[in-house]
1. Between GLN225, ASN102, GLY157, whose Cα lies farthest towards the positive end of the dipole of the chain when Lys and Arg beta carbons carry +1 and Asp and Glu beta carbons carry -1, centred on the Cα centre?
2. I need the calculated FRET efficiency for the pair ASN14 and ILE242, taking r as the beta carbon distance and R₀ as 35 Å, to the nearest 0.05.
3. Given a Förster radius of 35 Å and the C-beta distance between ARG24 and LEU57 as r, what FRET efficiency does 1/(1 + (r/R0)^6) yield to the nearest 0.05?
4. Calculate the FRET efficiency for SER190 and SER281 from the Cβ-Cβ distance with a Förster distance of 25 Å, rounded to the nearest 0.05.
5. Quick one: if you stick a label point 7 Å off each Cα along the C-beta vector at LEU311 and ALA50, how many nm between them?
6. Which one of THR212, VAL177, LEU147 has its Cα pushed farthest toward the positive end of the charge dipole of region 143-215, where Lys and Arg give +1 and Asp and Glu give -1 at the Cβ?
7. Here are labelled values, (1) 0.98; (2) 0.96; (3) 1.04, and one is the computed Rg/Rh (Cα atoms, Kirkwood Rh) for what I pasted. Which one?
8. Of the accessible area of the chain, with the probe set at 1.4 angstrom, what percent is carbon plus sulfur?
Amino acid sequence: MISLNLTSGEDPLNLDRIRAVLVRLEDTIIFGLIERAQFAHNPQMYQRGAFKELMDLGFKGSWLEWFLKETETFHAKARRYTSPDEYPFSTGLPDPVLPAVNFPKILYPNNINANPSILSFYTRAIVPRITRRATLSLAAQKRANGLTGDQEFEDDGNYGSAATMDVEVLQSISKRVHYGKFVSESKFMSDPAGFIPHIIKPNRDALERLITKPEVERKLLLRLQKKAATYAQDLGPDGDPIPLPTNGKGPSGVVNGNGYGGKLGDLAKLDVDGVVDLYESYIIPLTKEVEVEYLLHRLDGLTQDDIDKLLEISKEKGRKAKAEANGTS
């Protein structure tokens with residue numbers, strides 16, 4: 001899992017370092033989606049109470065929720081969730097067996113956890129889309145073996161393998177979304193005076209405008225499209241992309257995932273447009289919600305003296321900027 005070394009002594013709120021982590025997480029998420037896409041939808045995995053075996057164990061959640069709980073139980077013992085950039089999907093996890101790591105104080109205390117929303121949109125919107133090709137292929141195989149109707153769709157029985165990839169993708173998306181807190185803290189501390197009025201008199205729209213960079217988002221989506229189109233290709237022995245067959249859907253010689261976006265999604269390893277939509281419709285908006293919510297609570301428990309000290313940071317930076325502009329020190 002991609003992460004910052006928060007004990008290295010380097011500034012964990014440096015925006016360049018944060019951006020580097022977010023860019024690397026793009027690769028992790030895309031490759032995880034490619035691995036998940038090779039299995040069928042398997043909707044039974046996401047239905048609570050669908051597995052008698054889990055009910056017999058006293059677990060009333062879904063197969064994926066059970067898989068998350070078992071995985072995160074081990075990770076909690078290894079103190080994963082004591083790190084300020086890690087958030088579990090499960091509750092009631094055990095305490096670490098190792099002594100606590102002495103992390104520097106980075107984020108303002110908060111209890112924001114967007115994982116319930118991440119789990120919901122991932123299982124309801126993302127999994128059905130990225131597994132479409134595998135699901136259709138499975139249906140064709142079942143029809144060839146005489147199974148038709150409801151029996152031909154969606155379930156290939158690879159519950160362990162599919163859930164393993166689901167967990168990896170979910171944890172990567174969670175880290176990506178919750179890094180919004182680091183972005184908010186970094187931007188807040190760079191100019192507290194720009195944020196404080198909109199926190200004291202809560203103004204979500206104004207705070208969102210302060211943290212939003214439309215050009216950065218545009219470039220992010222373009223980069224994602226290029227990455228996904230590249231990674232969705234099959235390569236031959238010489239390392240060159242293998243041309244897609246025509247199949248009546250497009251010209252031969254077209255590279256997997258390139259040129260046609262979703263139109264060739266059934267032939268490429270991954271729905272390229274689906275990856276872009278994952279970020280554009282879900283990850284980016286949810287990250288902004290986390291960033292704004294974090295900012296709205298950034299002054300909780302502070303006295304007026306504390307707030308004045310924060311305002312002084314902006315004043316001091318203003319004085320330095322003016323001095324530099326005038327050529328003085």
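1. Most positive-ward Cα: GLN225.
2. Working: r = 41 Å, r/R0 = 1.18.
The calculated FRET efficiency here is 0.30.
3. Numbers: r = 37 Å, r/R0 = 1.06.
Plugging the Cβ-Cβ distance into 1/(1 + (r/R0)^6) gives 0.40.
4. 0.30
5. 5.6
6. Of the options given, the answer is THR212.
7. The calculated read-out lines up with (3).
8. Roughly 52 percent of what the probe reaches on the chain is carbon or sulfur.
The values are calculated or read from the model by the stated rules, or taken from the named source; none is laboratory data. These numbers come from a predicted model, not from an experiment. Cβ coordinates were reconstructed from backbone atoms using ideal geometry, including for glycine residues, and neighbour counts include every protein chain displayed. In case anyone asks, the SASA skips ligands and DNA or RNA and just uses the protein heavy atoms, side chains included. Shrake-Rupley method; radii C 1.70, N 1.55, O 1.52, S 1.80 Å.
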